[in-house]
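Accompanying notes for the structure given below.
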Amino acid sequence: MTIRIYSTEGRTKTLFTPRLPGRVSMYVCGPTVYDSCHVGHARPAVVFDTIRRYLEYFGLTVTFISNITDIDDKIISRARELGVSWRGLARRCQDEYERDMSALGVLSPSIRPRASEHIPEMIRLIAGLMGKGCAYHNSKGVWFDIASFPDYGRMSGRNQDDENTEHRVEQDDAKKNQQDFALWKAAKPGEPAWESPWGPGRPGWHIECSAMSGKYCDFQLDIHGGGADLAFPHHENELAQSEAYTGLRFARHWLHNGFITVDKADGGDEKMGKSKGNAFWLREAFKIAGPAALRLWILGTHYRMPLLYKPELLSAAENSLERVYNCLEELTRNLAAAPEALPVAGGISDAASRAEVRFREAMDDDFNTPQALAALHEAIAAVNAGLRDSAPTGQLKIVRNIICDMLGVLGLPLERPAKDAGGGADGVIELLIRIRNEARKAKDFPLSDRIRDGLKELGVELNDRGGKSTWTRK
Ligand SMILES: [Zn+2]
């Protein structure tokens, strides 16, 4: 494996070598659930899902954790506005988020921990930090003492003194140092609260990701991801807490996806954001182009670059996807007409193999999906030429496998998505495949066979190749 990854820490690409051979621990900060998803939610989900799929394509076992922040100021105030419980609001928004991400072909994380279900872990971590002299308690809560962590700012290259930081820390006389941040917030009347050694209260936002990555990945991540706006202060604070607690390096690679921008009426572009009032709801975008086209639009720009949102660009992605499925369907018809042929190399299968090499080279180079998509289109062009020139069926078989592998890595459906399905059914199939994979790992073959046979009855054919299961509708 020769994947080179750019890390925000160090600002350079380095060879990816997981801490434990054959295993990758990946943590991606998930959403704060208080409203419907906007387009900005889709980008990190699709980007990190694609990275995960590429690592799994190499046979690595990826533990992919993405949390749900279900306790937060925004949730509490929105629940009050709506006159519902914070927990009910958070659950409803989480369900909606999961449905939307599934429509985009985003696989479920290995673990999706909720903050509110990890309060004891957070309390233990805070107590540990208190014990090490890295945190202090006063009437407003418990604070992380920045002065105790001289490395603060190491990853993002920023600290709270930055003149130009968008995230000015709230000034508060209760803090020793204005840079200190809250680990535990003392309860306020009418707000949800949990018991703790420092009185009733609730956790600060940053501590939840440290506690959950600590619980599931031993505070040692191969990849920590999230949107660029999380690099500072959220990730810098996670790093400080975690490393102060363990003395170990928290994350080997810090990956941050770029912003989504929109055209401004007076020219130029600006960052999309709910607070700016220029955010587009994801479900509205789904009406312009299907979820698969939206995924293709996201992958058409390198994940670190700004991504321009424009309805015309979604339509262009939809057209590009049309070309892929037109070709695949033509290919399937040809193969169905001559099912007995054995795969043979040469001709167009060689052209497609060269495209596959370029696909891997692109993905190896910091997950360059625009280049990878160019390689996919090269393979498609090879097939179209082969079909025109009546290439041997055996070659077509090889080419179809190559194209399906590429689509699998990119998380694009292997068949033309139904216009109105929104991917819900696909999500259920993916879920069943994951359960079946777990059953196979646990050597529960009767269960694994039942799932395969049951899917077959529903017209879904599984194909186990190279340790991975792909599926097609018959
Ligand atoms: Zn986080």
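Every number here is computed from the coordinates shown, using simple stated rules; none is lab data. Note that the structure is a prediction, hence the values are computed from the model and not measured. Here the Cβ is made from the backbone with ideal geometry for all residues, glycine too, and neighbour counts use every protein chain on show.
Using 0.36 nm per residue of separation minus the Cα-Cα distance, give me the extension gain between I435 and K13 in nm, one decimal. Write down the numbers at each step before the final one.
Working: separation 422, 0.36 × 422 = 151.92 nm, distance 3.52 nm.
Here the answer is 148.4 nm.
Starting from the range 19-121, pick out the trypsin sites (Lys or Arg not before Pro) whose DSSP state is loop and whose Cβ has at most 15 other Cβ atoms within 10 Å.
On the way: sites: R19, R23, R52, R53, K74, R78, R80, R87, R91, R92, R99, R114; in loops: R19.
Listed in order of number, the matching sites are R19.
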Principal-axis tilt of helix 205-217 within the chain, Cα atoms, nearest 10 degrees: 60
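Indicate the gyration tensor shape class of the range 36-142 (rounded, prolate or oblate), computed on the Cα atoms with a ≥ b ≥ c the square roots of the eigenvalues: a/c under 1.5 is rounded; otherwise a/b larger than b/c is prolate and the rest oblate. Spell out each step's value before the answer.
Working: a/c = 2.80, a/b = 1.28, b/c = 2.18.
Judged from the Cα gyration tensor, the range 36-142 comes out oblate (a/c at least 1.5, b/c at or above a/b).
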Label-point gap, in nm, between V428 and R465 - each point 7 angstrom along Cα→Cβ: 2.7
Karplus-derived 3J(HN,Hα), 6.51/-1.76/1.60, for each residue of the range 19-28, Hz, glycine and proline x: 4, 10, x, x, 10, 10, 9, 9, 10, 10
Cut-off under 5 Å, modelled amide H: who pairs with L221 long-range: A251, R252
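Once you list every other residue whose beta carbon is under 11 Å from the beta carbon of K188, what net charge do they have if Lys and Arg are +1 and Asp and Glu are -1?
Computed value for this residue: +1.
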Acute angle (nearest 10 degrees) that the helix 369-388 long axis makes with the longest principal axis of the chain, alpha-carbon atoms: 10
Projected label distance in nm at V344 and R323, using a 7 Å step from Cα toward the beta-carbon: 3.0
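Just how large is the dipole of the chain about the Cα centre, in debye to the nearest 20, putting +1 at every Lys and Arg Cβ and -1 at every Asp and Glu Cβ? Write out the running numbers ahead of the final one.
Numbers: 62 positive and 64 negative charges, 169 e Å.
With Lys and Arg at +1 and Asp and Glu at -1, about 820 debye.
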Proxy reagent accessibility, fewest Cβ within 10 Å first, across M1, M212, M272: M1, M272, M212
Radius 14 Å from Cβ of R114, net charge of other residues (Lys, Arg +1; Asp, Glu -1): -1
Kirkwood-based shape ratio for the chain, expressed as Rg/Rh from alpha carbons: 1.00
The range 1-77: C-alpha pair distances exceeding 20 Å, %: 45
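Only four residue types carry charge here, +1 at the Cβ of Lys and Arg and -1 at the Cβ of Asp and Glu. Report the dipole size of the range 334-382 about the Cα centre in Debye, rounded to the nearest 20.
Working: 3 positive and 8 negative charges, 30 e Å.
Once rounded to the nearest 20, the dipole reads 140 debye.
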Student exercise, the range 301-342 dipole from Lys, Arg, Asp, Glu Cβ charges, in Debye to nearest 20: 260
Nearby lysines by direct alpha-carbon distance to K176 (threshold 18 angstrom, same-chain neighbours under 8 apart not counted): K132, K140, K185
Phi-based couplings in Hz for the range 172-180 (Karplus 6.51, -1.76, 1.60; Gly and Pro marked x): 7, 5, 6, 8, 5, 9, 4, 7, 4
Efficiency of FRET between A316 and S139 - r from beta-carbon atoms, R0 60 angstrom, step 0.05: 0.60
Full-extension gain in nm, K456 to W281, via 0.36 nm per residue minus C-alpha separation: 59.4 nm
Backbone HN-Hα couplings from phi across the range 184-196 [Karplus 6.51/-1.76/1.60, Hz, Gly and Pro as x]: 9, 9, 4, 4, 10, x, x, 9, x, 8, 10, 6, 7
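Before rounding to the nearest 500, sum -39500 (n - 2.57) across all DSSP H runs of length at least 4 in the chain and divide by the residue total; then give [θ] at 222 nm in deg cm²/dmol.
Values: 14 runs with 213 residues, N = 474.
Per the formula, -15000 deg cm²/dmol.
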Residue order, fewest to most beta carbons within 10 Å, for T332, T2: T2, T332
Helix axis angle, 236-246 relative to the chain longest principal axis, alpha carbon, degrees: 80
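Less than 14 Å Cβ to Cβ from M272, Lys/Arg counted +1 and Asp/Glu -1: what total charge do the surrounding residues give? Kindly include the intermediate steps, with their values, before the conclusion.
Working: positive: R43, K264, K271, K274, K276, K310; negative: D229, D263, D269, E270, E284.
Counting the neighbours of M272, the net charge comes to +1.
With a 10 Å Cβ neighbour count serving as the proxy for reagent exposure, in which order, fewest first, do H137, H224 appear? Don't skip to the answer; put the middle values down first.
Numbers: H137 17, H224 30.
Listed from fewest to most nearby Cβ atoms, that is H137, H224.
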